[in-house]
Amino acid sequence: MATVTDGVILQVGGLHSTAERGLATYGALRLPSGPQRAAFLAEHGPDVTVAVTGAGMDAELIGALPRLAAVVNLGVGYDAVDVAALKPRGIALSNTPDVLTDCVADLAVGGLIDVLRGLSAGDRFVRRGAWAAGDKAPLRRRVSGARVGILGLGRIGAAIAHRLEAFGCTISYHNRRRVDDVPYAYAASPVELARSVDAVIVVTPGGPGTQALVSAEVIAALGPGGYLVNVARGSVVDQDALVTALVSGALGGAALDVFTDEPHVPEQLFALDNVVLLPHIGSATVETREAMAQLVLRNLERFLADGTLVTPVSL
């Protein structure tokens with residue numbers, strides 16, 4: 001492992017403080033932005049063997065690191081890392097699964113409850129004085145007993161389903177392949193799933209394979225009485241079609257933690273009381289972010305020790 005251990009560790013983007021402190025013990029260098037970046041890569045790029053990132057890595061950056069052997073990613077999603085640039089060179093990739101499952105599942109259920117019962121909208125109603133002025137808040141939808149479709153029944157999707165069982169919800173799902181040993185009905189396509197439920201929760205990975213998986217047709221299948229919750233990636237949903245449907249009333253409502261051009265959110269959604277807008281906080285708890293940072297450091301330590309990763313991604 002001399003070719004790795006005698007190299008430079010590169011930090012790409014900001015990381016959790018625990019991860020940054022750990023990287024400092026290895027003498028890691030931080031990739032600058034702006035005009036200094038090119039000079040930095042010219043000087044240090046040939047020596048970088050491991051990159052630790054929370055911001056992703058594009059093909060250009062990967063190409064500037066000829067000795068790169070591993071990318072350690074802070075986050076379960078790695079769609080911001082150009083996997084196509086890693087694969088031909090045999091560069092290993094890790095992510096941080098499992099440790100954020102509960103928090104993302106909690107947020108998905110919270111988003112569903114919020115958009116169906118109008119919690120955020122009710123809070124705004126009270127704050128602007130409408131209740132005190134004698135206005136009545138509109139009736140909302142019941143969560144208990146709702147039919148909920150899960151688009152992506154992986155670790156997080158299964159955790160969401162487990163939580164919703166306690167609400168007496170009827171669960172169905174769509175994956176590329178059926179999942180063995182689950183009691184939930186399988187839908188052959190996202191459109192079929194949307195037609196059969198009151199709400200769809202999106203939990204699929206991002207990337208080219210799921211681009212606009214929630215299409216205009218899927219949104220139309222949910223209809224004016226249907227709801228969409230997205231805790232996956234903004235790219236999974238046709239955002240233009242979603243905005244059009246929400247503004248026109250063709251979709252009942254949405255709870256969105258992710259968007260296609262974060263942190264920018266379509267302004268047409270700001271005035272809609274049937275839409276919950278969140279700043280990508282699925283894993284944003286003290287406990288989970290600490291666990292993610294610790295897992296990043298364990299992956300780095302393992303790779304420097306023996307060239308393997310604790311949580312490798314299969315490329």
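The values are calculated or read from the model by the stated rules, or taken from the named source; none is laboratory data. Owing to the predicted nature of the structure, the values given are computational and were not obtained by experimental measurement. Virtual Cβ from ideal backbone geometry, glycine too; neighbours counted across all protein chains shown. Ligands, DNA and RNA are excluded from the accessible area calculation, which covers all protein heavy atoms including side chains. Shrake-Rupley method; radii C 1.70, N 1.55, O 1.52, S 1.80 Å.
Entry remark, the stretch 168-193: residues being in contact with a strand residue (DSSP E or B) (Cβ under 7 Å, 6 or more places away or on another chain) and open to solvent by less than 30 Å² (accessible area, probe 1.4 Å) number 8 in total.
Taking the conditions exactly as written (under 22 Å from the mean Cα position of the chain (by Cα), of a type in the set (S, T, N, Q) and surrounded by fewer than 21 Cβ atoms within 10 Å (Cβ to Cβ)), does residue 196 satisfy them or not? Don't jump to the end; show me each part of the working.
Details: under 22 Å from the mean Cα position of the chain (by Cα): no; of a type in the set (S, T, N, Q): yes; surrounded by fewer than 21 Cβ atoms within 10 Å (Cβ to Cβ): yes.
In short, no.
Within the option set 34, 27, 77, being part of a loop (DSSP other than H, G, I, E, B), at positive phi, open to solvent by 10 Å² or more (accessible area, probe 1.4 Å) and at pLDDT below 95 holds for one residue only, 34.
All conditions but one from (1) surrounded by fewer than 23 Cβ atoms within 10 Å (Cβ to Cβ); (2) not in a helix (DSSP H, G or I) apply to residue 96; the one that does not is (1).
Checking each residue in the stretch 273-315 for being open to solvent by less than 80 Å² (accessible area, probe 1.4 Å) and either without any contact (Cβ under 8 Å) to a residue 40 or more places away in the chain or among the polar types (S, T, N, Q) (or both) picks out 274, 277, 280, 283, 285, 288, 294, 299, 308, 311. Within the stretch 125-142, residues that are more than 20 Å from residue 275 (Cβ to Cβ) have Cβ atoms under 9 Å from residues that are surrounded by 13 or more Cβ atoms within 10 Å (Cβ to Cβ) and not hydrophobic (A, V, I, L, M, F, W, C) in these pairs: 131/122, counting only partners at least 6 apart in sequence or on another chain.
Can you list the strands (runs of 3 or more DSSP E) found entirely within the stretch 121-205 that contain at least 1 residues being farther than 23 Å from residue 280 by Cα and in contact with a Gly (Cβ under 6 Å, 6 or more places away or on another chain)?
Values: elements: 147-151, 170-174, 199-202.
In the stretch 121-205, the matching strands (runs of 3 or more DSSP E) lie at 170-174.
Among the residues of the stretch 120-146, the ones that are loosely packed, with under 15 Cβ neighbours inside 10 Å and under 23 Å from the mean Cα position of the chain (by Cα) come to 0 in all.
Would you check if residue 49 is within 24 Å of residue 210 (Cα to Cα), hydroxyl-bearing (Ser, Thr, Tyr) and either open to solvent by 30 Å² or more (accessible area, probe 1.4 Å) or modelled with pLDDT of 95 or more (or both)? Please lay out each step first, then the result.
Values: within 24 Å of residue 210 (Cα to Cα): no; hydroxyl-bearing (Ser, Thr, Tyr): yes; either open to solvent by 30 Å² or more (accessible area, probe 1.4 Å) or modelled with pLDDT of 95 or more (or both): yes.
No; evaluated as a whole, the condition is false for this residue.
For the stretch 263-272, which positions are closer than 25 Å to residue 141 by Cβ and open to solvent by 60 Å² or more (accessible area, probe 1.4 Å)? Outline the logic, then answer.
Taking the stretch 263-272 and keeping what is closer than 25 Å to residue 141 by Cβ, we get 265-266, 268-272.
268, 270, 271 - these are the residues of the stretch 263-272 that are closer than 25 Å to residue 141 by Cβ and open to solvent by 60 Å² or more (accessible area, probe 1.4 Å).
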